[in-house]
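First the structure, in the form of structure tokens, and then the observations on it.
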Amino acid sequence: MITITLPSKDKKQYKKLVTSNQIAKDISEKLASEALVSIVNGELWDLDRPIEIDSTISILTKKNKETLDVIRHDAAHIMAEAVLELFPETQVTIGPSIENGFYYDFFREKKFNFSDLEAIEKRMHEIVDRDEIISREVWSRKNAINYFKKNNEKFKLELVEAIPENETVSFYRQGKFLDLCRGPHTSSTKKLGHSFKLTKLAGSYWRGNSKNQVLQRIYGTAFFNDKDL
């Protein structure tokens, strides 16, 4: 039996593994439709990630400040997916949310230009409309290393090899796009909505070291509505 404690201190019990999404549905259909992620035992958590032990949980919607960073991280992944669809020779490296939006660093011999940004942004809107499921996968360290070696992704390979042996190696998949990532993310590309904008191009160095490979960085920002954007 798994005991779930809600912010109200009410408790719910489940006979088997449960997800935040299931808990949200048990509270109300409205909450389930508005839910983006959850906090489980103080950690941001995907809605469909199983909860295996007694836990305290809060369901988060766009009313919670934490979720803006989550949708911006979604936006970074959606941007990377768009880039790979349009420019498949590109290698993706690191793409976090930041204070005012998000970015992703790419390795590509040819430089991106502002026309490329327009095309990438357009494709991002298409990916949002596809409503692609975003799912978390846990891989063995060995499988992750083999995957990136097979695909000649030297940047991601370096990141995997830097993960301590005792840490989980997690990936997030949406459509044909797969990215090494700790998460969390929302459950679908549609959750991002269309209130986002790619803002600028810049140069960067791999892992911030000027002795490393020069990369191209695309910045963007995202909000929950056009007024805030």
Review point. Roughly how big is the range 151-229's charge dipole about its Cα centre, with Cβ charges of +1 (Lys, Arg) and -1 (Asp, Glu), in debye to the nearest 20?
Key: 340 debye
Review point. For the Cα atoms of the chain, what angle does the longest principal axis make with the long axis of helix 114-130, in degrees from 0 to 90, nearest 10?
Key: 30 degrees
Practice item. Working from Cα positions, state the angle (0 to 90°, nearest 10) between the long axis of helix 66-86 and the longest principal axis of the chain. Key: 40 degrees
Practice item. Hand me the GluC sites (Glu not before Pro) from the range 1-53 located in a DSSP loop with no more than 15 other Cβ atoms within 10 Å, in residue order please. Key: GLU52
Review point. Using the Kirkwood formula over every pair of different C-alpha atoms, what hydrodynamic radius in Å results for the range 11-53?
Key: 10.6 Å
Point to revise | For the range 1-117, diffusion coefficient by Stokes-Einstein and Kirkwood Rh (Cα), 20 °C, 1.002 mPa s, µm²/s | key: 131 µm²/s
**Study point:** Kirkwood-Stokes translational diffusion coefficient of the chain, alpha-carbon pairs, 25 °C, 0.890 mPa s, µm²/s
**Key:** 131 µm²/s
Check your understanding: Just going by the charge dipole of the chain, with Lys and Arg at +1 and Asp and Glu at -1 on Cβ, which of PRO7, SER204, GLY101 is farthest out on the positive end?
Key -> SER204
Revision key, fill the gap. Taking a ≥ b ≥ c as the square roots of the eigenvalues of the Cα gyration tensor, with a/c under 1.5 meaning rounded and otherwise prolate when a/b exceeds b/c and oblate if not, the range 158-229 is oblate
**Study point:** Point-charge dipole on Cβ atoms (K/R +1, D/E -1) for the range 73-188, about Cα centre, debye to 20
**Key:** 440 debye
**Study point:** the range 76-116: GluC sites (Glu not before Pro) in DSSP coil with no more than 12 other Cβ atoms inside 10 Å
**Key:** GLU89, GLU99, GLU109
**Study point:** Per-residue HN-Hα couplings for the range 32-44 [Karplus 6.51, -1.76, 1.60; θ = phi - 60°; Hz; x = Gly/Pro]
**Key:** 4, 6, 9, 5, 10, 8, 9, 10, 10, 6, x, 10, 4
Revision key, fill the gap. A student applying the Cα gyration tensor rule (rounded when a/c is under 1.5; otherwise prolate if a/b is larger than b/c, oblate if not) would label the range 108-228 oblate
Review point. Counting only protein heavy atoms, what percent of the accessible surface of the chain is carbon or sulfur at a 1.4 Å probe?
Key: 48 percent
Study note, to complete from the structure: Helix 141-150 sits off the longest principal axis of the Cα atoms of the chain, rounded to the nearest 10 on a 0 to 90 degree scale, by 30 degrees
**Study point:** Dipole magnitude (debye, nearest 20) for the chain, charges at Cβ of Lys, Arg, Asp, Glu
**Key:** 180 debye
Practice item. For LYS211, list the lysines whose Cα falls under 21 Å from its own Cα; do not include residues on the same chain fewer than 8 positions away. Key: LYS110, LYS111, LYS154, LYS156
Practice item. Towards the positive end of the charge dipole of the range 124-229, with charges on Cβ (+1 Lys, Arg; -1 Asp, Glu), say which of PHE171, ASN151, SER195 has the farthest Cα. Key: ASN151
Point to revise | Highest average packing first - 10-23, 66-79, Cβ atoms within 10 Å | key: 66-79, 10-23
Practice item. List the residues whose amide H sits under 5 Å from the amide H of PHE106, counting only those 5 or more places along or on another chain, with H placed 1.01 Å from N in the peptide plane. Key: GLN216, ARG217, ILE218
**Study point:** Solvent-accessible area per residue for the chain (1.4 angstrom probe, square angstrom)
**Key:** 54 Å²
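The values are calculated or read from the model by the stated rules, or taken from the named source; none is laboratory data. These numbers come from a predicted model, not from an experiment. Every residue, glycine among them, receives a Cβ derived from its backbone with ideal geometry; neighbour counts consider all protein chains shown. For accessibility, only protein heavy atoms count, side chains too; no ligands or nucleic acids. Shrake-Rupley method; radii C 1.70, N 1.55, O 1.52, S 1.80 Å.
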